[in-house]
Amino acid sequence: SQQGEEDPQALSIQEGENATMNCSYKTSINNLQWYRQNSGRGLVHLILIRSNEREKHSGRLRVTLDTSKKSSSLLITASRAADTASYFCATTIGGANSKLTFGKGITLSVRP
Amino acid sequence: GAVVSQHPSWVICKSGTSVKIECRSLDFQATTMFWYRQFPKQSLMLMATSNEGSKATYEQGVEKDKFLINHASLTLSTLTVTSAHPEDSSFYICSARSVIAGGHEQFFGPGTRLTVL
């Protein structure tokens, strides 16, 4: 079963606007990661946030993690048409044999 | 950065044939490799986890006799879809992880699109 649930399922914004995507999960995690997938392509790792971290930045990306609410958000600032893609959150549970569990994904469309 | 390749990138085959997909870690040794399947507009579903030199661990509902996984070396894992049928048509993605360097990050391949006629 899927651990992460993103919302909204689809998001359409104008270029230059900010995009906020949320992910909720059910059980305690080691870390949470966000990935991007362009249509028909592989996954691109965006950012990893550990369970003891609350916020991380990478370029135009900002990720927050609230372990008390079991939720994370991904903010893309000053969006570009090239940001159009599907975005997935994935959680890791467990130790050396941990595996990623993906959410259903969010389809982001950035209109030029 | 760590690079994972998959071959072929796409394949079309007739129903009943077997198809082998290769996953290679190009610049690191992958102690563990993962195989995922993704249907159109859906998320990635983990099929199996393979550790080098041992049998793969399959997720519930995945037929191990249909999806044969071999992880014979630290840089190569193969997934063979045996007697493929149209319902096996999907996007298959592998990922590789190395804990030798102390990391737990997974690096994903570009995926293989399988179409069974």
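The values are calculated or read from the model by the stated rules, or taken from the named source; none is laboratory data. Please read all numbers here as calculations on a predicted model, not as lab measurements. Every residue, glycine as well, gets a Cβ built from its backbone with ideal geometry; the counts of neighbours run over all protein chains shown. The protein model used for the area step is the full one, side chains on, heavy atoms only, and it has no ligands, DNA or RNA in it. Shrake-Rupley method; radii C 1.70, N 1.55, O 1.52, S 1.80 Å.
A compact table of results
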{"item": "Rounded percent of accessible protein surface that carbon and sulfur make up, chain A, 1.4 Å probe", "result": "45 percent"}
{"item": "Proximal aspartates and glutamates to residue B:41, defined as alpha-carbon separation beneath 18 angstrom and excluding residues fewer than eight positions away on the same chain", "result": "A:5, A:6, A:7, A:83, B:87, B:88"}
{"item": "Residue mean of other protein chain beta carbons inside 10 Å, B:46-52", "result": "1"}
{"item": "Residue B:117 versus residue B:59: modelled label distance in nm, points set 7 Å from Cα along the beta carbon direction", "result": "3.0 nm"}
{"item": "Gaussian network model of chain B, Cα within-10 Å springs - most flexible of B:95, B:43, B:73", "result": "B:43"}
{"item": "For chain B: accessible area per residue (Å², 1.4 Å)", "result": "49 Å²"}
{"item": "Percentage, to the nearest whole number, of Cα pairs in the protein assembly as shown over 33 Å apart", "result": "17 percent"}
{"item": "Choice from A:94, A:40, A:16 showing the highest fluctuation, given a GNM over chain A with Cα pairs closer than 10 Å", "result": "A:40"}
{"item": "Contact surface B-A: accessible area buried, both sides summed, square angstrom, 1.4 angstrom probe", "result": "1400 Å²"}
{"item": "FRET efficiency for residue B:14 and residue A:109, using Cβ-Cβ distance with R0 set to 35 Å, rounded to 0.05", "result": "0.45"}
{"item": "For A:39-45, mean number of other protein chain Cβ atoms within 10 Å", "result": "6"}
{"item": "Projected label distance in nm at residue B:27 and residue B:82, using a 7 Å step from Cα toward the beta-carbon", "result": "3.7 nm"}
{"item": "Inter-label distance for residue B:66 and residue A:26, nm, one decimal - labels placed 7 Å from Cα along Cα-to-Cβ", "result": "2.4 nm"}
{"item": "Percent accessible area from carbon and sulfur atoms, chain B, protein chains only, probe 1.4 Å", "result": "54 percent"}
{"item": "Unsatisfied cross-links (Cα-Cα over 24 Å) in the set A:99/B:14; B:14/B:64; A:70/B:64; A:26/B:66; A:26/B:20; A:70/B:55", "result": "A:99/B:14; A:70/B:64; A:26/B:66; A:26/B:20; A:70/B:55"}
